[in-house]
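Working notes for the structure below.
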Amino acid sequence: MSKGIVLVADDDAAIRTVINQALSRAGFDVRVTSNASTLWRWIDEGEGDVVVSDVIMPDGDAFDLLPRIKLRRPELPVIVMSAQNTFMTAIKASETGAYEYLPKPFDLSELIAAVDRAISEPKDNRSTEKFDEYLEGMPLVGRSPPMQEIYRSIARLMQSDLTVMLTGEPGTGKLLTAKVLHQYGNRKNNPFMAVNLAVLPPDSIEAELFGSTSTNSTENIDGKIKQAAGGILFLKEVAELPASAQSRLLRVLQLGEFTPVGGASPIKSDVKIIASTTRDMDQMIRNGMFREDLFYQLNVVPLRIPPLRERQEDVADLVFHFLKLTQMEGGQPKHADQEALKALKDHSWPGNVRELENLVRRICTLYPQETITGQVVETEIRNSGFFRQGADNSNQGGFNDLRSATEFFLNRYFAKYGEELPPEGVYHRFLDEFEHPVISSALTATNGNQIKAAEVLGLNRNTLRKKIRDHGIRIVRTTR
(Lines give C-alpha, C1' and ligand atoms only; values in the text may rest on other atoms or scores of the structure.)
Protein backbone atom coordinates (compact mmCIF):
# COMPACT_ATOMS: atom_id res chain seq x y z
CA MET A 1 0.00 0.00 0.00
CA SER A 2 1.35 3.39 -1.01
CA LYS A 3 2.27 5.86 1.74
CA GLY A 4 1.35 8.79 -0.52
CA ILE A 5 2.11 10.53 -3.80
CA VAL A 6 5.25 12.69 -4.02
CA LEU A 7 5.71 15.22 -6.84
CA VAL A 8 9.41 15.76 -7.57
CA ALA A 9 10.76 18.62 -9.70
CA ASP A 10 14.46 19.04 -10.53
CA ASP A 11 16.19 19.89 -13.79
CA ASP A 12 19.06 17.48 -13.04
CA ALA A 13 18.19 14.05 -14.45
CA ALA A 14 20.61 12.22 -12.13
CA ILE A 15 19.08 13.83 -9.04
CA ARG A 16 15.55 13.02 -10.24
CA THR A 17 16.54 9.39 -10.70
CA VAL A 18 18.17 9.06 -7.29
CA ILE A 19 15.25 10.72 -5.48
CA ASN A 20 12.72 8.66 -7.43
CA GLN A 21 14.44 5.40 -6.49
CA ALA A 22 14.92 6.33 -2.84
CA LEU A 23 11.32 7.46 -2.28
CA SER A 24 9.90 4.51 -4.24
CA ARG A 25 11.87 2.06 -2.09
CA ALA A 26 10.53 3.88 0.98
CA GLY A 27 6.95 3.10 -0.12
CA PHE A 28 5.87 6.29 -1.89
CA ASP A 29 4.39 6.73 -5.36
CA VAL A 30 6.62 9.22 -7.18
CA ARG A 31 6.06 11.47 -10.19
CA VAL A 32 9.04 13.39 -11.55
CA THR A 33 9.44 16.38 -13.85
CA SER A 34 12.23 18.70 -14.94
CA ASN A 35 10.22 21.94 -15.05
CA ALA A 36 7.98 24.21 -13.00
CA SER A 37 5.10 24.34 -15.51
CA THR A 38 4.44 20.58 -15.34
CA LEU A 39 4.72 20.66 -11.57
CA TRP A 40 2.16 23.46 -11.37
CA ARG A 41 -0.22 21.61 -13.71
CA TRP A 42 -0.13 18.55 -11.44
CA ILE A 43 -0.72 20.71 -8.37
CA ASP A 44 -3.53 22.66 -10.04
CA GLU A 45 -5.25 19.39 -10.96
CA GLY A 46 -5.16 18.27 -7.32
CA GLU A 47 -2.46 15.63 -7.63
CA GLY A 48 0.16 14.79 -5.00
CA ASP A 49 0.36 14.68 -1.21
CA VAL A 50 3.71 16.44 -0.94
CA VAL A 51 6.01 18.37 -3.28
CA VAL A 52 9.81 18.08 -3.43
CA SER A 53 11.24 20.79 -5.67
CA ASP A 54 14.56 22.35 -6.52
CA VAL A 55 14.57 26.15 -6.20
CA ILE A 56 15.96 26.95 -9.66
CA MET A 57 14.36 25.35 -12.73
CA PRO A 58 14.61 26.26 -16.42
CA ASP A 59 11.17 27.87 -16.56
CA GLY A 60 10.74 29.25 -13.07
CA ASP A 61 11.68 29.62 -9.45
CA ALA A 62 10.13 27.49 -6.70
CA PHE A 63 9.96 30.55 -4.46
CA ASP A 64 7.79 32.28 -7.06
CA LEU A 65 5.59 29.19 -7.26
CA LEU A 66 5.10 28.76 -3.52
CA PRO A 67 2.67 31.67 -3.00
CA ARG A 68 0.49 30.32 -5.81
CA ILE A 69 0.54 26.88 -4.22
CA LYS A 70 -0.45 28.36 -0.84
CA LEU A 71 -3.42 30.10 -2.44
CA ARG A 72 -4.52 27.14 -4.57
CA ARG A 73 -3.78 24.28 -2.15
CA PRO A 74 -2.77 25.70 1.26
CA GLU A 75 -2.64 22.23 2.84
CA LEU A 76 -0.03 20.89 0.39
CA PRO A 77 3.45 20.74 2.02
CA VAL A 78 6.37 21.80 -0.19
CA ILE A 79 9.95 20.72 0.52
CA VAL A 80 12.49 22.86 -1.31
CA MET A 81 16.04 21.85 -2.21
CA SER A 82 18.82 24.24 -3.15
CA ALA A 83 22.52 24.29 -3.93
CA GLN A 84 22.48 28.03 -3.14
CA ASN A 85 23.10 27.32 0.51
CA THR A 86 23.03 30.79 2.00
CA PHE A 87 21.25 32.21 5.02
CA MET A 88 18.82 34.09 2.78
CA THR A 89 17.82 30.87 1.00
CA ALA A 90 16.76 29.37 4.31
CA ILE A 91 14.96 32.57 5.32
CA LYS A 92 13.17 32.84 1.98
CA ALA A 93 12.10 29.19 2.21
CA SER A 94 10.55 29.91 5.59
CA GLU A 95 8.95 33.20 4.59
CA THR A 96 7.36 31.82 1.43
CA GLY A 97 5.79 28.99 3.40
CA ALA A 98 7.99 25.99 2.54
CA TYR A 99 7.41 23.01 4.81
CA GLU A 100 11.13 22.18 4.91
CA TYR A 101 14.35 23.39 3.35
CA LEU A 102 17.10 20.91 2.44
CA PRO A 103 20.48 22.31 1.35
CA LYS A 104 22.25 20.25 -1.30
CA PRO A 105 23.92 17.86 -0.92
CA PHE A 106 21.74 16.10 1.63
CA ASP A 107 21.34 12.55 2.89
CA LEU A 108 18.50 10.66 1.23
CA SER A 109 17.44 9.44 4.67
CA GLU A 110 16.91 13.08 5.64
CA LEU A 111 14.69 13.63 2.60
CA ILE A 112 12.67 10.48 3.29
CA ALA A 113 12.16 11.51 6.91
CA ALA A 114 10.98 14.98 5.82
CA VAL A 115 8.50 13.51 3.34
CA ASP A 116 7.25 11.10 6.01
CA ARG A 117 6.65 13.98 8.43
CA ALA A 118 4.97 16.12 5.78
CA ILE A 119 2.47 13.41 4.87
CA SER A 120 1.73 12.17 8.39
CA GLU A 121 1.44 15.57 10.11
CA PRO A 122 -2.16 16.78 10.61
CA LYS A 123 -3.03 19.30 7.92
CA ASP A 124 -4.39 21.88 10.33
CA ASN A 125 -0.93 22.14 11.93
CA ARG A 126 0.60 23.38 8.70
CA SER A 127 1.23 27.05 8.13
CA THR A 128 -0.95 28.65 5.47
CA GLU A 129 0.48 32.12 5.93
CA LYS A 130 1.51 33.85 2.71
CA PHE A 131 4.50 36.17 2.64
CA ASP A 132 4.91 38.56 -0.29
CA GLU A 133 8.25 40.08 0.57
CA TYR A 134 11.51 39.10 2.18
CA LEU A 135 14.43 41.18 3.38
CA GLU A 136 17.56 41.42 1.30
CA GLY A 137 21.11 41.24 2.64
CA MET A 138 23.41 38.66 4.10
CA PRO A 139 23.57 39.02 7.90
CA LEU A 140 25.13 35.58 8.35
CA VAL A 141 27.78 34.18 6.02
CA GLY A 142 28.77 30.61 5.19
CA ARG A 143 27.67 27.56 3.23
CA SER A 144 29.22 24.83 5.35
CA PRO A 145 27.05 22.05 6.87
CA PRO A 146 27.34 23.52 10.41
CA MET A 147 26.07 26.87 9.16
CA GLN A 148 23.26 25.22 7.22
CA GLU A 149 22.03 23.78 10.51
CA ILE A 150 22.16 27.25 12.07
CA TYR A 151 20.18 28.73 9.15
CA ARG A 152 17.52 26.06 9.36
CA SER A 153 17.20 26.48 13.12
CA ILE A 154 16.84 30.24 12.78
CA ALA A 155 14.21 29.84 10.07
CA ARG A 156 12.17 27.62 12.38
CA LEU A 157 12.56 29.93 15.37
CA MET A 158 11.73 33.24 13.70
CA GLN A 159 8.00 33.11 14.41
CA SER A 160 8.38 31.49 17.82
CA ASP A 161 8.51 33.10 21.27
CA LEU A 162 10.47 30.23 22.79
CA THR A 163 13.54 31.22 24.79
CA VAL A 164 16.84 30.46 23.08
CA MET A 165 20.23 29.69 24.66
CA LEU A 166 23.16 30.49 22.38
CA THR A 167 26.43 28.79 23.27
CA GLY A 168 29.83 28.96 21.66
CA GLU A 169 33.29 30.40 21.97
CA PRO A 170 33.95 34.16 22.00
CA GLY A 171 33.88 35.69 18.53
CA THR A 172 31.61 33.09 16.89
CA GLY A 173 28.70 35.49 16.35
CA LYS A 174 26.21 34.94 19.17
CA LEU A 175 25.13 38.60 19.27
CA LEU A 176 24.72 38.65 15.48
CA THR A 177 22.60 35.50 15.65
CA ALA A 178 20.36 37.09 18.27
CA LYS A 179 19.97 40.19 16.09
CA VAL A 180 19.02 38.02 13.10
CA LEU A 181 16.35 36.25 15.16
CA HIS A 182 14.92 39.68 15.92
CA GLN A 183 15.36 41.22 12.48
CA TYR A 184 13.56 38.38 10.70
CA GLY A 185 11.17 37.38 13.48
CA ASN A 186 7.66 38.19 14.59
CA ARG A 187 8.94 40.90 16.99
CA LYS A 188 11.00 42.82 14.43
CA ASN A 189 8.89 45.98 14.79
CA ASN A 190 9.54 46.13 18.55
CA PRO A 191 12.77 46.86 20.47
CA PHE A 192 15.91 44.76 20.55
CA MET A 193 17.94 45.32 23.71
CA ALA A 194 21.31 43.71 24.44
CA VAL A 195 22.97 43.61 27.85
CA ASN A 196 26.49 42.28 28.41
CA LEU A 197 26.25 41.07 32.00
CA ALA A 198 29.99 40.42 32.16
CA VAL A 199 30.81 44.15 32.09
CA LEU A 200 28.31 45.21 34.78
CA PRO A 201 29.20 45.38 38.47
CA PRO A 202 27.21 42.60 40.19
CA ASP A 203 25.35 45.00 42.48
CA SER A 204 23.97 46.99 39.53
CA ILE A 205 22.63 44.10 37.44
CA GLU A 206 19.18 43.88 39.07
CA ALA A 207 18.44 47.58 38.61
CA GLU A 208 19.79 47.45 35.05
CA LEU A 209 17.45 44.62 34.09
CA PHE A 210 14.37 45.16 36.25
CA GLY A 211 14.53 48.86 37.01
CA SER A 212 14.20 50.53 40.39
CA THR A 213 11.65 52.61 42.23
CA SER A 214 11.99 55.29 44.86
CA THR A 215 9.73 57.44 46.99
CA ASN A 216 10.96 60.25 44.76
CA SER A 217 9.25 59.54 41.44
CA THR A 218 11.94 61.44 39.53
CA GLU A 219 14.46 58.79 40.54
CA ASN A 220 12.49 55.83 39.16
CA ILE A 221 14.43 53.96 36.50
CA ASP A 222 13.02 51.65 33.83
CA GLY A 223 15.06 48.48 33.40
CA LYS A 224 15.84 46.69 30.16
CA ILE A 225 12.95 44.24 30.69
CA LYS A 226 10.47 47.11 30.47
CA GLN A 227 12.35 48.94 27.73
CA ALA A 228 12.29 45.81 25.55
CA ALA A 229 8.53 45.29 25.97
CA GLY A 230 7.09 43.45 22.99
CA GLY A 231 10.56 42.79 21.62
CA ILE A 232 13.66 40.79 22.45
CA LEU A 233 16.13 41.10 25.32
CA PHE A 234 19.51 39.51 24.66
CA LEU A 235 21.38 38.59 27.85
CA LYS A 236 25.03 38.09 26.97
CA GLU A 237 26.96 35.95 29.48
CA VAL A 238 23.82 35.06 31.42
CA ALA A 239 25.95 32.92 33.77
CA GLU A 240 27.06 36.17 35.44
CA LEU A 241 23.60 36.81 36.92
CA PRO A 242 23.72 37.10 40.73
CA ALA A 243 21.44 34.74 42.68
CA SER A 244 18.82 37.41 43.44
CA ALA A 245 18.65 38.45 39.76
CA GLN A 246 18.28 34.80 38.77
CA SER A 247 15.14 34.55 40.93
CA ARG A 248 13.69 37.68 39.35
CA LEU A 249 14.39 36.47 35.83
CA LEU A 250 12.81 33.10 36.59
CA ARG A 251 9.61 34.92 37.55
CA VAL A 252 9.64 36.75 34.22
CA LEU A 253 9.92 33.48 32.32
CA GLN A 254 7.39 31.56 34.42
CA LEU A 255 4.77 34.19 35.19
CA GLY A 256 5.43 36.97 32.69
CA GLU A 257 5.90 39.59 35.39
CA PHE A 258 8.61 41.27 37.47
CA THR A 259 8.99 43.65 40.39
CA PRO A 260 11.46 46.54 40.15
CA VAL A 261 14.11 46.90 42.81
CA GLY A 262 12.45 48.68 45.72
CA GLY A 263 9.00 48.16 44.25
CA ALA A 264 6.03 46.41 45.78
CA SER A 265 3.67 45.70 42.88
CA PRO A 266 4.51 43.32 40.02
CA ILE A 267 4.54 44.61 36.44
CA LYS A 268 3.38 42.49 33.53
CA SER A 269 6.06 41.68 30.99
CA ASP A 270 5.96 40.64 27.34
CA VAL A 271 9.53 40.09 26.26
CA LYS A 272 11.32 37.26 24.49
CA ILE A 273 14.59 36.28 26.14
CA ILE A 274 17.64 35.14 24.18
CA ALA A 275 20.62 34.29 26.37
CA SER A 276 24.21 33.39 25.62
CA THR A 277 27.11 31.96 27.55
CA THR A 278 30.66 30.74 27.09
CA ARG A 279 30.63 29.06 30.50
CA ASP A 280 30.14 25.38 31.40
CA MET A 281 26.58 25.68 32.73
CA ASP A 282 26.44 22.09 33.96
CA GLN A 283 29.47 22.76 36.12
CA MET A 284 27.98 25.99 37.42
CA ILE A 285 24.75 24.22 38.36
CA ARG A 286 26.69 21.48 40.15
CA ASN A 287 28.64 24.15 42.04
CA GLY A 288 25.43 25.90 43.09
CA MET A 289 26.31 29.03 41.12
CA PHE A 290 23.32 28.92 38.76
CA ARG A 291 19.72 27.83 39.35
CA GLU A 292 18.87 24.61 37.56
CA ASP A 293 15.22 25.60 37.09
CA LEU A 294 16.25 28.91 35.48
CA PHE A 295 18.67 27.13 33.17
CA TYR A 296 15.91 24.87 31.88
CA GLN A 297 13.66 27.89 31.32
CA LEU A 298 16.42 29.59 29.32
CA ASN A 299 17.56 26.47 27.49
CA VAL A 300 14.23 25.63 25.84
CA VAL A 301 15.95 25.84 22.45
CA PRO A 302 19.72 25.33 22.70
CA LEU A 303 21.66 26.61 19.70
CA ARG A 304 25.42 26.11 19.50
CA ILE A 305 27.28 28.51 17.23
CA PRO A 306 30.24 26.58 15.77
CA PRO A 307 33.79 27.92 16.03
CA LEU A 308 35.45 28.92 12.77
CA ARG A 309 37.86 25.96 12.87
CA GLU A 310 34.82 23.65 12.46
CA ARG A 311 33.68 25.45 9.30
CA GLN A 312 36.89 26.54 7.63
CA GLU A 313 35.33 26.05 4.21
CA ASP A 314 33.46 29.30 5.02
CA VAL A 315 36.67 31.33 5.36
CA ALA A 316 36.73 32.41 1.69
CA ASP A 317 33.11 33.61 1.82
CA LEU A 318 33.77 35.48 5.06
CA VAL A 319 36.88 37.15 3.63
CA PHE A 320 34.93 38.27 0.56
CA HIS A 321 32.16 39.56 2.87
CA PHE A 322 34.54 41.59 5.04
CA LEU A 323 36.36 42.98 1.99
CA LYS A 324 33.02 44.18 0.64
CA LEU A 325 32.16 45.74 4.00
CA THR A 326 35.42 47.70 4.11
CA GLN A 327 34.82 48.89 0.56
CA MET A 328 31.27 50.01 1.44
CA GLU A 329 32.74 51.94 4.37
CA GLY A 330 35.00 53.91 2.05
CA GLY A 331 37.96 51.58 1.61
CA GLN A 332 39.63 50.67 -1.65
CA PRO A 333 38.49 47.53 -3.55
CA LYS A 334 40.71 44.57 -2.72
CA HIS A 335 40.80 40.84 -3.32
CA ALA A 336 42.73 37.94 -1.81
CA ASP A 337 44.77 35.64 -4.04
CA GLN A 338 44.75 31.85 -3.73
CA GLU A 339 47.85 31.75 -1.53
CA ALA A 340 46.25 34.25 0.84
CA LEU A 341 43.05 32.21 1.04
CA LYS A 342 45.06 29.05 1.69
CA ALA A 343 46.96 30.71 4.54
CA LEU A 344 43.70 31.97 6.02
CA LYS A 345 42.07 28.54 5.77
CA ASP A 346 45.08 26.87 7.39
CA HIS A 347 44.96 29.14 10.46
CA SER A 348 43.26 27.75 13.58
CA TRP A 349 41.39 31.03 14.40
CA PRO A 350 41.29 30.91 18.19
CA GLY A 351 39.46 34.26 18.09
CA ASN A 352 36.96 32.89 15.55
CA VAL A 353 35.10 35.13 13.07
CA ARG A 354 35.87 38.25 15.09
CA GLU A 355 39.60 37.56 14.74
CA LEU A 356 39.24 37.03 10.98
CA GLU A 357 37.30 40.27 10.57
CA ASN A 358 39.91 42.21 12.55
CA LEU A 359 42.69 40.71 10.42
CA VAL A 360 40.98 41.58 7.12
CA ARG A 361 40.24 45.13 8.25
CA ARG A 362 43.81 45.62 9.46
CA ILE A 363 45.27 44.37 6.18
CA CYS A 364 42.95 46.67 4.20
CA THR A 365 44.16 49.62 6.27
CA LEU A 366 47.90 48.87 6.36
CA TYR A 367 48.54 47.57 2.82
CA PRO A 368 47.75 49.81 -0.17
CA GLN A 369 48.01 47.17 -2.89
CA GLU A 370 44.83 45.81 -4.46
CA THR A 371 45.83 42.14 -4.15
CA ILE A 372 46.21 40.60 -0.70
CA THR A 373 48.96 37.99 -0.96
CA GLY A 374 49.76 34.92 1.09
CA GLN A 375 52.92 36.58 2.39
CA VAL A 376 50.90 39.52 3.74
CA VAL A 377 48.44 37.18 5.46
CA GLU A 378 51.18 35.08 7.04
CA THR A 379 52.98 38.20 8.27
CA GLU A 380 49.84 39.64 9.85
CA ILE A 381 48.82 36.34 11.44
CA ARG A 382 52.29 36.03 12.92
CA ASN A 383 52.32 39.63 14.16
CA SER A 384 48.82 39.53 15.62
CA GLY A 385 49.10 36.18 17.38
CA PHE A 386 49.17 36.05 21.15
CA PHE A 387 52.20 33.77 20.99
CA ARG A 388 54.68 33.40 18.20
CA GLN A 389 54.98 30.03 16.56
CA GLY A 390 57.76 27.96 18.07
CA ALA A 391 57.81 29.96 21.30
CA ASP A 392 60.53 28.74 23.61
CA ASN A 393 60.66 28.83 27.39
CA SER A 394 61.79 32.44 27.38
CA ASN A 395 58.65 33.28 25.41
CA GLN A 396 60.35 35.98 23.37
CA GLY A 397 57.76 38.04 21.57
CA GLY A 398 54.96 36.56 23.65
CA PHE A 399 53.67 37.24 27.16
CA ASN A 400 55.06 36.48 30.57
CA ASP A 401 51.89 34.90 31.93
CA LEU A 402 48.21 34.33 31.37
CA ARG A 403 47.23 37.60 33.02
CA SER A 404 49.33 39.80 30.73
CA ALA A 405 48.09 37.91 27.69
CA THR A 406 44.50 38.33 28.82
CA GLU A 407 45.01 42.02 29.51
CA PHE A 408 46.32 42.39 25.95
CA PHE A 409 43.20 40.67 24.63
CA LEU A 410 40.94 42.80 26.84
CA ASN A 411 42.55 46.04 25.70
CA ARG A 412 42.17 45.05 22.06
CA TYR A 413 38.54 44.01 22.62
CA PHE A 414 37.54 47.25 24.32
CA ALA A 415 39.50 49.37 21.88
CA LYS A 416 37.50 47.81 19.04
CA TYR A 417 34.20 48.80 20.63
CA GLY A 418 35.38 52.14 21.98
CA GLU A 419 34.64 51.29 25.60
CA GLU A 420 36.50 51.95 28.82
CA LEU A 421 38.24 49.04 30.48
CA PRO A 422 36.21 47.64 33.39
CA PRO A 423 37.25 48.31 36.98
CA GLU A 424 39.75 45.91 38.53
CA GLY A 425 37.02 44.41 40.70
CA VAL A 426 35.29 42.81 37.71
CA TYR A 427 38.46 41.79 35.87
CA HIS A 428 38.08 38.12 36.81
CA ARG A 429 34.69 38.00 35.12
CA PHE A 430 36.41 38.30 31.75
CA LEU A 431 38.88 35.51 32.32
CA ASP A 432 36.57 32.69 31.29
CA GLU A 433 35.65 34.48 28.06
CA PHE A 434 39.22 35.18 27.03
CA GLU A 435 41.12 32.24 28.51
CA HIS A 436 39.99 29.87 25.78
CA PRO A 437 41.68 31.63 22.81
CA VAL A 438 44.74 32.53 24.92
CA ILE A 439 45.31 28.94 26.04
CA SER A 440 44.53 27.65 22.54
CA SER A 441 47.16 30.01 21.10
CA ALA A 442 49.75 28.84 23.63
CA LEU A 443 49.04 25.20 22.79
CA THR A 444 49.30 25.96 19.08
CA ALA A 445 52.60 27.78 19.60
CA THR A 446 54.05 24.81 21.52
CA ASN A 447 52.52 22.20 19.19
CA GLY A 448 50.32 20.79 21.93
CA ASN A 449 53.11 20.41 24.50
CA GLN A 450 51.29 21.11 27.79
CA ILE A 451 54.51 21.44 29.81
CA LYS A 452 55.84 24.17 27.51
CA ALA A 453 52.41 25.80 27.24
CA ALA A 454 52.14 25.96 31.04
CA GLU A 455 55.52 27.69 31.19
CA VAL A 456 54.50 30.15 28.47
CA LEU A 457 51.27 30.94 30.31
CA GLY A 458 52.85 31.11 33.74
CA LEU A 459 50.51 28.42 35.04
CA ASN A 460 50.96 25.31 37.14
CA ARG A 461 50.73 22.26 34.87
CA ASN A 462 47.80 20.81 36.80
CA THR A 463 45.99 24.15 36.58
CA LEU A 464 46.50 24.21 32.82
CA ARG A 465 45.18 20.66 32.47
CA LYS A 466 42.05 21.63 34.45
CA LYS A 467 41.47 24.71 32.31
CA ILE A 468 41.89 22.67 29.12
CA ARG A 469 39.29 20.23 30.43
CA ASP A 470 36.89 22.95 31.68
CA HIS A 471 37.01 24.88 28.39
CA GLY A 472 36.81 21.73 26.26
CA ILE A 473 39.92 22.75 24.32
CA ARG A 474 41.04 20.33 21.64
CA ILE A 475 44.79 19.78 21.41
CA VAL A 476 45.97 19.53 17.79
CA ARG A 477 49.53 18.47 17.07
CA THR A 478 51.12 18.93 13.67
CA THR A 479 54.21 17.37 12.15
CA ARG A 480 57.03 19.88 11.91
Practice item. Please go through the range 421-480 and pick out each residue that is open to solvent by 60 Å² or more (accessible area, probe 1.4 Å), at pLDDT 75 or above and aliphatic (A, V, I, L, M). Key: Ile451
Exercise for review: Please state which one of Gly142, Gly185 is modelled with pLDDT under 90, farther than 30 Å from Ser440 by Cα and surrounded by 16 or more Cβ atoms within 10 Å (Cβ to Cβ).
Suggested key: Gly185
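Counting residues that are among the aromatic types (Phe, Trp, Tyr), which helices (runs of 4 or more DSSP H) fully inside the range 1-76 reach at least 2? Even if it seems obvious, please write down each step before you answer.
Values: elements: 13-25, 36-44, 62-72.
Because the criterion is at least 2 residues that are among the aromatic types (Phe, Trp, Tyr), the helices (runs of 4 or more DSSP H) in the range 1-76 that meet it are 36-44.
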Revision key, fill the gap. Of the conditions (1) outside any helix (DSSP H, G or I); (2) at pLDDT 90 or above; (3) over 16 Å from the mean Cα position of the chain (by Cα), the single one that Ser276 does not satisfy is (3)
Check your understanding: Of all residues in the range 323-349, which are closer than 13 Å to Glu378 by Cβ, touching a Ser or Thr at 6+ places or on another chain (Cβ under 8 Å) and open to solvent by 70 Å² or more (accessible area, probe 1.4 Å)?
Key -> Glu339
Check your understanding: Of (1) crowded, with 21+ Cβ neighbours inside 10 Å; (2) in a helix (DSSP H, G or I), Asp293 satisfies all except one. Which?
Key -> (1)
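Within the range 239-257, is even one residue open to solvent by 60 Å² or more (accessible area, probe 1.4 Å) and assigned to a loop (DSSP other than H, G, I, E, B)? Even if it seems obvious, please write down each step before you answer.
Our first condition is that a residue be open to solvent by 60 Å² or more (accessible area, probe 1.4 Å); within the range 239-257, this holds for 243, 248, 251, 254-255.
Filter again for assigned to a loop (DSSP other than H, G, I, E, B), leaving none.
Looking for residues that are open to solvent by 60 Å² or more (accessible area, probe 1.4 Å) and assigned to a loop (DSSP other than H, G, I, E, B), one finds none in the range 239-257, hence no.
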Revision key, fill the gap. Scanning the range 59-94 residue by residue, those open to solvent by less than 20 Å² (accessible area, probe 1.4 Å) and free of Cβ contacts under 8 Å to residues at least 40 places away in the same chain turn out to be Phe63, Leu65, Leu66, Ile69, Leu76, Val78, Ile79, Val80, Ser82
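If we only count helices (runs of 4 or more DSSP H) wholly inside the range 324-393, which ones have 2 or more residues that are more than 29 Å from Ile475 (Cα to Cα) and at pLDDT below 90?
Numbers: elements: 338-346, 352-366, 374-384.
Answer list for the range 324-393: 352-366.
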Check your understanding: From Val195, Val199, which residue is out of contact with any Ser or Thr (no Cβ under 9 Å at 6 or more places or on another chain), over 25 Å from His321 (Cα atoms) and modelled with pLDDT under 90?
Key -> Val199
Practice item. State all residues of the range 296-315 that are surrounded by 18 or more Cβ atoms within 10 Å (Cβ to Cβ) and among the aliphatic types (A, V, I, L, M); if no residue qualifies, say none. Key: Leu298, Leu303, Ile305, Leu308, Val315
Check your understanding: In the range 279-290, what count of residues is obtained for those that are part of a helix (DSSP H, G or I), open to solvent by 70 Å² or more (accessible area, probe 1.4 Å) and touching a residue at least 40 places away in the same chain (Cβ under 8 Å)?
Key -> 0
**Study point:** the range 21-33: number of residues that are in contact with a strand residue (DSSP E or B) (Cβ under 8 Å, 6 or more places away or on another chain) and either surrounded by fewer than 17 Cβ atoms within 10 Å (Cβ to Cβ) or free of Cβ contacts under 8 Å to residues at least 12 places away in the same chain (or both)
**Key:** 3
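The values are calculated or read from the model by the stated rules, or taken from the named source; none is laboratory data. If you're wondering where the values come from, they're calculated on a predicted model, not measured in any experiment. Don't worry about glycine lacking a Cβ; one is built from the backbone with ideal geometry, like all the others, and counts go over all protein chains shown. To get the accessible areas, we keep the full protein, side chains included, count just its heavy atoms, and leave off ligands, DNA and RNA. Shrake-Rupley method; radii C 1.70, N 1.55, O 1.52, S 1.80 Å.
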